[in-house]
1. Which of the residues that make up the stretch 132-157 are part of a helix (DSSP H, G or I), over 17 Å from Phe212 (Cα atoms) and either modelled with pLDDT of 95 or more or in contact with a Leu (Cβ under 8 Å, 6 or more places away or on another chain) (or both)?
2. Being hydrophobic (A, V, I, L, M, F, W, C), modelled with pLDDT of 90 or more and under 22 Å from the mean Cα position of the chain (by Cα): is that true of Val180 here?
3. Could you list all residues from the stretch 202-229 that are part of a helix (DSSP H, G or I) and farther than 15 Å from Glu146 by Cα?
4. Just give me the residues in the stretch 45-74 being outside any helix (DSSP H, G or I), surrounded by fewer than 17 Cβ atoms within 10 Å (Cβ to Cβ) and not aliphatic (A, V, I, L, M), in sequence order.
5. Among (1) touching a residue at least 12 places away in the same chain (Cβ under 8 Å); (2) surrounded by fewer than 18 Cβ atoms within 10 Å (Cβ to Cβ); (3) farther than 20 Å from Ala68 by Cβ, which single condition is Glu146 missing?
6. Residues that are surrounded by fewer than 21 Cβ atoms within 10 Å (Cβ to Cβ), out of contact with any Ser or Thr (no Cβ under 9 Å at 6 or more places or on another chain) and within 21 Å of Tyr157 (Cβ to Cβ): does the stretch 247-264 have at least one?
7. Which ones in the stretch 13-37 are in a strand (DSSP E or B) and over 17 Å from the mean Cα position of the chain (by Cα)?
Amino acid sequence: MTKDKTPAYGGQAVVEGVMFAGKHTYVTAIRRNDNTIEFFEVIKKENIWLKRLKKVPIIRGIAAIIEASANGTKHLNFAAERFGVNPGEEVEKPRETSKATFFLSLAVIGVLSFLFGKFIFTLVPVFLAAAFKPVISGHIGQNLLEGLFKILFLLSYIYFVSLTPTIKRVFQYHGAEHKVINTFENGLDLTVANVQSQSRLHYRCGSSFILFTVVVGVIIYLFVPTDPLWLRVLYRILLIPVVLGISFEVLQITNKLREMPVLKFLGYPGLWLQLLTTKEPMDDQVEVAILSFQEMLKRDGEYEQTVPNQNEKIV
């Protein structure tokens, strides 16, 4: 398999483990507190309207976020529940939910995320920038100052949460996830030594996406008024889907250009942010990530034999 044809697998760090997304399945491996490895699988069930939306530029970014959030929540819950279970003790298996319940849960999660993420990280910088208007005025100056506050908020938040032991370990598994994908994409055998030799940074990381939303937002906001303040706030809220959609496209573009000597630098700011959101993993954490990836490949291959006519791009 040539590098150009290597599937673009993705993943997510969870409590004491890693989830990897394949073409037909999502697989998580965690190391429980009795040192055993446990797997969790969710078979990929493509939603028709999401599948259609994922083919539309800009809008496909929103669809990808919704899909990733829905699937990621299941694996995060599994990891948190199973790691805390005493050796030999069993917990009730997750039950399948109806579509109505699924989308209701998704809506609740989305509202909570919106209230915290958008009102804190989007609107607070607006008010702070407005407070400095006597010092830095003008449309461009206010937009740049607002963007600066957003970056400072983002970096401060990531830094302080990374100081907690649990989040630090999650960030180590995040690094292990990237190292495994880099090892696979570079055509190397998935051994602990090979994986540890790889970079913990990757162009497709969601951390890069978060940073791009700040940069893209600053550019988009140049085309809308900053006065009066209430109109500025309204535009920030209304343009959130646009900023997210365009940021997703920028992330895809920087990934495609990463092999070009000059244009690859476009993705560097996102890689720099990953220096905070990933940590160098230990060998036992890398082992978990490898097992998760190998199990995903194994099960994905089994489903590939039973569903031969699907040729979707892996996200």
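1. His139, Ile140
2. Values: hydrophobic (A, V, I, L, M, F, W, C): yes; modelled with pLDDT of 90 or more: yes; under 22 Å from the mean Cα position of the chain (by Cα): yes.
Yes.
3. To start, the set of residues in the stretch 202-229 that are part of a helix (DSSP H, G or I) comprises 206-221, 229.
Within the stretch 202-229, Gly206, Ser207, Ser208, Phe209, Ile210 meet the criteria.
4. We begin by selecting, within the stretch 45-74, every residue outside any helix (DSSP H, G or I); these are 45-47, 54-58.
Pick out the ones that are also surrounded by fewer than 17 Cβ atoms within 10 Å (Cβ to Cβ) and you get 45-47, 55-58.
Hits for the stretch 45-74 are Lys45, Glu46, Asn47, Lys55, Pro57.
5. Unmet for Glu146, out of (1) touching a residue at least 12 places away in the same chain (Cβ under 8 Å); (2) surrounded by fewer than 18 Cβ atoms within 10 Å (Cβ to Cβ); (3) farther than 20 Å from Ala68 by Cβ: (2).
6. Within the stretch 247-264, none of the residues are surrounded by fewer than 21 Cβ atoms within 10 Å (Cβ to Cβ), out of contact with any Ser or Thr (no Cβ under 9 Å at 6 or more places or on another chain) and within 21 Å of Tyr157 (Cβ to Cβ).
7. First, pick out the residues of the stretch 13-37 that are in a strand (DSSP E or B): 13-14, 17-21, 25-31, 37.
Listed by number, the residues that qualify are Thr25, Ala29, Ile30, Arg31, Ile37.
Every residue, every condition in (1) within 22 Å of Leu297 (Cβ to Cβ); (2) not acidic (Asp, Glu), yes or no:
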| site | (1), (2) |
| --- | --- |
| His178 | yes, yes |
| Asp189 | yes, no |
| Ala193 | yes, yes |
| Leu201 | no, yes |
| Lys264 | no, yes |
| Pro269 | no, yes |
| Lys279 | no, yes |
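The values are calculated or read from the model by the stated rules, or taken from the named source; none is laboratory data. Remember, it's a predicted structure, so these values are computed and weren't measured experimentally. As a convention, Cβ positions derive from the backbone with ideal geometry for all residues, glycine included, and neighbour counts pool all protein chains shown.
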